[in-house]
Amino acid sequence: MENKIVNKKWMIGLVVLMVSAMLLLSATPAMSAQEASTGAQVIVPEYIEVGLNLSVIDFGTVDTGTTGNALSGSGWPVLINITENTNVITNISVNASGGGGTSDYCTAACANSFTVNNHTYSNTSAFTYSGALNVDGSYDTEPFVDWGGINPPGVGANTTLYIYNKMTIPAGQIAGTYTLANDNGAINVKVQKES
């Protein structure tokens, strides 16, 4: 009989313990969500994208001792297209770079030549201000108002600026076709971040 009482007490104690545990568990609120936060960062690199509307500036036929404009659509004007991908303030500069150590306009094999500074350029067809291409190959930043501090065009837009070109042929220049390209030089347009 004593065993039955002990077993009953033991069973009652176990039931009380289980009921207490259940009450304790039901009183503890369940966690249905938890929140945490973090930061984020990304680096957007500086980018400049530019194009020109033609590959050769063509002056056509210009008599000796005179000045002629580049042909319409072939350097009158050259369009500088700063695309929407450009995301920094830029400046424009130009130069003439020489192949074989010269920046001259030459006939075949450079048998005859005249210096590249006979080639002048401006940002307007009125040639209010103009510059001569550098013979030494260094870049000139002319004080054209729209060639400095050019704001990024923005998404869906391009910025178009102009280079109008003139050529003065020296008096008595030997007849021929003179070029400034590949083997004896080139005209370069540089668009760079404003410093």
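Things worth noting here:
- Relative exposure of 160, 61, judged by other C-beta atoms within 10 Å (fewest first): 61, 160
- Calculated FRET value between residue 140 and residue 42, using beta carbons and R₀ = 30 Å, to 0.05: 0.20
- Extension reserve of the residue 151-residue 53 stretch, reckoned as 0.36 nm per residue once the Cα distance is removed: 33.2 nm
- Computed extension gain for residue 61 through residue 33, at 0.36 nm per residue and net of the alpha carbon distance, reaches 1.9 nm.
- Remark: 84, 35, 46 ranked as 35, 46, 84, counting other beta-carbon atoms within 10 Å and listing the fewest first.
- Positive-end extreme of charge dipole, segment 50-193 - chosen from 75, 148, 131 (charges on Cβ): 148
- In a simple Cβ point-charge model (Lys, Arg +1; Asp, Glu -1; nothing else charged), segment 50-193 has a dipole of about 140 debye relative to its Cα centre.
- Averaging over all projection directions, the Cα-based convex hull of segment 50-193 occupies 8.6 nm² in the image plane.
- Fewest-first sequence of 83, 66, 159 by Cβ atoms within 10 Å of each Cβ: 66, 83, 159
- In this structure, the amide hydrogen of residue 49, modeled 1.01 Å from its nitrogen in the peptide plane, lies closer than 5 angstrom to those of 83, 86, counting only residues at least 5 positions away or on a different chain.
- Length available on full extension from residue 72 to residue 84: 0.36 nm per residue minus the Cα-Cα distance, which gives 1.7 nm.
We did not get these values from a lab; they are worked out from the coordinates using the rules stated. The shown structure was predicted, so the numbers you read here are calculated from the model rather than taken from an experiment. Ideal geometry is used to build each Cβ from the backbone, glycine not excepted, and the neighbour counts take in all protein chains shown.
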